[in-house]
Amino acid sequence: MKREVIQTDDGSSTIYIPEMDENYHSTHGAIQEAEHVFIQHGLKMMEEKELDSISIFEMGLGTGLNALLTKIRTKVPVVYVGIEAYPVSVDELKALNYVSQVGEQYESDFSAIHSAKWNESIELDSKFTIHKVHEKIEGYDLDEASFDLIYFDAFGPRAQSAMWEIEILQKMYDGLKVGGALVTYCARGQFKRDLKSLGFEIEPLPGPPGKREMTRAWKV
Ligand SMILES: C[S@@+](CC[C@H](N)C(=O)[O-])C[C@H]1O[C@@H](n2cnc3c(N)ncnc32)[C@H](O)[C@@H]1O
């Protein structure tokens, strides 16, 4: 499928897929959205629990923006598992401007995330271990009750409804520890009802700029 690197309103780039008419991030601001949904309401909230380490699963590693921001912002050691069926290409990576937006000193972090071997756990430093899974989520089961936090960053339900079906959401539920949470930019009614039916407790939160609401869902 054809993919184009485009600019979002906060100056950071994202990838656009014309065939799906879908972007990897909000066009109001890719970094702004990632900081709000995944870092502020995910990582920073989990840090308050004073865990020794935080295990994170990302549905849709994509450009690696969430992984980069997590590596930069975390105060606690993180084990980061990100699944991706269709990795970004070297040319696409070169066209993304995340390093110039967040700070040139993070160039080595961004390239370490992307050069890490697939399907292996790689300790990038004492605070960040990454395990990139090159697979489709449909055929992959998360280790049961092993994650504190899930970044659910699939394409939206309009573009890829299969990612929001109960079967996939059940995998997320099973993979979370009790007391763990899933965060996502999506706040659709049907999605929240499906999460509830699986046993999640829903916490609606204000969305990033351009979006009224986002969702945090707890495994209680
Ligand atoms: C919204 S984008 C992710 C954005 C990403 N988190 C980032 O910061 O760049 C959704 C991602 O899910 C991936 N994807 C689509 N279908 C998938 C599947 N069946 N299994 C795993 N990944 C899939 C896409 O290739 C894409 O990278």
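Every number in this text was worked out from the coordinates using simple rules, so none of it is lab data. All values derive from a computational prediction rather than experimental measurement. Virtual Cβ from ideal backbone geometry, glycine too; neighbours counted across all protein chains shown.
Tell me whether segment 38-56 contains one or more residues that are within 17 Å of Tyr106 (Cα to Cα) and either within 12 Å of the ligand (Cβ to nearest atom) or part of a loop (DSSP other than H, G, I, E, B) (or both).
So far as segment 38-56 goes, yes, one or more of its residues are within 17 Å of Tyr106 (Cα to Cα) and either within 12 Å of the ligand (Cβ to nearest atom) or part of a loop (DSSP other than H, G, I, E, B) (or both).
So how many residues does segment 82-120 have that are away from the ligand (no atom under 14 Å from the Cβ), touching a helix residue (DSSP H, G or I) at 6+ places or on another chain (Cβ under 8 Å) and over 19 Å from Ile31 (Cα atoms)?
Summing the residues that are away from the ligand (no atom under 14 Å from the Cβ), touching a helix residue (DSSP H, G or I) at 6+ places or on another chain (Cβ under 8 Å) and over 19 Å from Ile31 (Cα atoms) in segment 82-120 gives 0.
Taking into account only those residues within segment 13-34 that are crowded, with 22+ Cβ neighbours inside 10 Å and outside any strand (DSSP E or B), which is nearest to the ligand (Cβ to nearest atom)?
My answer is Tyr24.
Quick test for you: out of Glu144, Glu123, Glu165, pick the one residue that is within 12 Å of the ligand (Cβ to nearest atom), more than 17 Å from the chain's Cα centre (by Cα) and of a type outside the set (A, V, I, L, M).
So the residue among Glu144, Glu123, Glu165 that is within 12 Å of the ligand (Cβ to nearest atom), more than 17 Å from the chain's Cα centre (by Cα) and of a type outside the set (A, V, I, L, M) is Glu165.
Of all residues in segment 170-211, count the ones that are surrounded by 20 or more Cβ atoms within 10 Å (Cβ to Cβ), under 24 Å from Ala30 (Cα atoms) and not hydrophobic (A, V, I, L, M, F, W, C).
The total comes to 4.
May I ask you to list pairs of residues, at least six apart or on different chains, whose Cβ atoms are under 8 Å apart, with the first in segment 191-220 being touching a residue at least 24 places away in the same chain (Cβ under 8 Å) and the second being surrounded by fewer than 20 Cβ atoms within 10 Å (Cβ to Cβ) and of a type in the set (Lys, Arg)?
Pairs found: Leu205/Arg216; Thr215/Lys192; Ala217/Lys192; Lys219/Lys177.
Here is a list of conditions, (1) touching a strand residue (DSSP E or B) at 6+ places or on another chain (Cβ under 6 Å); (2) assigned to a loop (DSSP other than H, G, I, E, B), and Val79 meets all of them except one; can you say which number that is?
Condition (2) is where Val79 drops out.
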